[in-house]
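Input: a single structure, listed below in structure tokens.
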Amino acid sequence: MILIDGKATAAEIRKEISEEALRVYEQRGYRPHLAAILVGHDGGSETYVAHKVKDCEEVGFDSTLVRFEDNVSEAELLDKIQELNANPRIDGIIVQLPLPSHINEQKVIETIDYRKDVDGFHPVNVGRMVIGLPTYISATPFGIVELLKRYQIPTAGKTCVVVGRSNIVGRPLSILLSRKGEPGDCTVIVCHSRTPNIQHFTLQADILVAALGNPHFIKADMVKEGAVVIDVGTTRVASATAKNGWKLMGDVDFDTVAPKCAYITPVPGGVGPMTRVGLLYNTLLAAERKIYP
Ligand code: GUN
């Protein structure tokens, strides 16, 4: 069994990105620049956005954090997005999700200029991903594909089972892995909350991706001997022994599943660090005008 080290791989990619960022700076006189909008004080969102700002710093990007209270109006939020769209010094824009229920998330996503949509959530970028045009691949699918690539895990002709159909992970990943190319050329099965007998499908997986957000859902008797298992779960559960009072739990029952695997990602230290790097990668692409010259 080979443990896929997302932390080390992410560090490698950050180094590559920081070298490129320096080149951008030398060429145009200002650094790649990410703007992040955070609404409210949700603990998870606060942590994620703080990581994004810190990651930018580490690779030599500028970042701007715009904060609003929970009761910000949709109009005010959309105005701010328009302002950032029009600012030529801002390369990438993200609005941390979820948003309060009085704000229409889809409207927010579609207000971001698709050329600055480094989350890859805008329908233009999703559409381009589906038909295989250059685009911003959203961060978690990017991270998973990059791990498969860097560990040289063969994918062509393999059966890949994705458990979870979210717009952010399961659905885009299922499309990426069924596209032509390497990694890709998989036969993909998507399982979800309405799939009867999920085990019937997961047992067929050469590559099994668990992205449903249900801690330790994938047990050893659901996994084929020699499978590649990618755990996207990051559920916070209370922990008396953890410093901050909680720990991250994956969707895979690691201790019993790992011995059956050819490769497996741990939680933490697997997909998570790669997701963080995905946003940096897209911001670099935006600064270099690689997708939209
Ligand atoms: N909330 C959870 N994941 C994400 C993400 O990748 N981007 C944004 N903007 N919000 C999120």
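The values are calculated or read from the model by the stated rules, or taken from the named source; none is laboratory data. These numbers were taken from a predicted model, which means no experiment stands behind them. As a convention, Cβ positions derive from the backbone with ideal geometry for all residues, glycine included, and neighbour counts pool all protein chains shown. Only protein heavy atoms, including side chains, enter the accessible area calculation; ligands, DNA and RNA are left aside. Shrake-Rupley method; radii C 1.70, N 1.55, O 1.52, S 1.80 Å.
Taken one residue at a time, the phi angles of the range 163-176 give Karplus couplings (6.51, -1.76, 1.60, θ = phi - 60°) of 9, x, 10, 5, 5, 8, 10, x, 5, x, 5, 4, 6, 4 Hz. Gly and Pro are set to x.
Using alpha-carbon pairs under 8 Å, 6+ residues apart, how would you state the relative contact order of the range 123-255 in percent?
Numbers: 255 pairs, mean separation 26.0, N = 133.
Computed over the range 123-255, the figure is 20 percent.
Annotation note: trypsin sites (Lys or Arg not before Pro) in the range 215-253 located in DSSP loop regions with a Cβ neighbour count of at most 12 within 10 Å are 243. Straight-line reach from residue 116: which aspartates and glutamates have a Cα under 14 Å away, not including same-chain ones fewer than 8 places off? List returned: 83, 91, 288.
When the GluC sites (Glu not before Pro) in the range 1-108 are filtered for DSSP coil states and for at most 10 other beta-carbon atoms within 10 Å of their beta-carbon, the remaining sites are 69. Dipole check for the chain: with +1 at the C-beta of Lys and Arg, -1 at the C-beta of Asp and Glu, and the Cα centre as origin, the magnitude is about 520 Debye. Note on the chain: helix-only mean residue ellipticity at 222 nm, from DSSP H runs of 4+ residues weighted -39500 (n - 2.57) and normalised by residue number, equals -12000 deg cm²/dmol. Taking all protein chains as shown and a probe of 1.4 angstrom, residue 41 keeps an accessible surface of around 100 Å². Positive end of the dipole of the chain (Cβ unit charges, origin at the Cα centre): among 41, 77, 148, the Cα lying farthest that way belongs to 148.
In what order, largest first, do 101, 239 sit by accessible area if the probe radius is 1.4 Å? Don't skip to the answer; put the middle values down first.
Working: 101 125, 239 15 Å².
Reading off the accessible areas and sorting them downward yields 101, 239.
Over the range 88-193, what relative contact order in percent results from Cα pairs under 8 Å that are six or more residues apart? The partial results should precede the final answer.
Values: 146 pairs, mean separation 21.4, N = 106.
Reported as a whole number, the value is 20 percent.
DSSP beta bridges confined to the range 166-263 are antiparallel in about 35 percent of cases.
Under a Cβ-Cβ cut-off of 12 Å, what is the net charge of the residues other than residue 203 that fall near it, where Lys and Arg count +1 and Asp and Glu count -1? Please report the intermediate quantities before stating the final value.
Details: positive: 219, 224, 260; negative: 206, 221, 225.
Net of charged neighbours comes to 0.
Ordered by solvent-accessible area of protein heavy atoms (1.4 Å probe), largest first, the residues 193, 18 come out as 193, 18.
Mind ranking 274, 249, 1, 222 by accessible surface for me, highest first, 1.4 Å probe?
Details: 274 0, 249 40, 1 120, 222 20 Å².
Descending order: 1, 249, 222, 274.
Between the DSSP loop rule and a limit of at most 12 other Cβ atoms within 10 Å, which trypsin sites (Lys or Arg not before Pro) in the range 99-208 are left? Write out the running numbers ahead of the final one.
Working: sites: 107, 115, 116, 128, 149, 150, 158, 165, 179, 180, 194; in loops: 158, 165, 179, 180, 194.
The qualifying sites are 180, 194.
Annotation: per residue accessible area for the range 190-282 equals 45 Å², rounded to a whole number [probe 1.4 Å, protein chains only]. Here residue 102 sits with roughly 100 square angstrom of accessible surface, probe radius 1.4 Å. Taking all Cα pairs closer than 8 Å and separated by 6 or more residues, the relative contact order of the chain comes to 21 percent.
At 1.4 Å probe size, with the rest of the protein present, what percent of the exposed accessible area of the chain is carbon and sulfur atoms? All intermediate terms of the calculation are to be shown ahead of the outcome.
Numbers: 7200 of 13710 Å².
Within the chain, the accessible surface is 53 percent carbon and sulfur.
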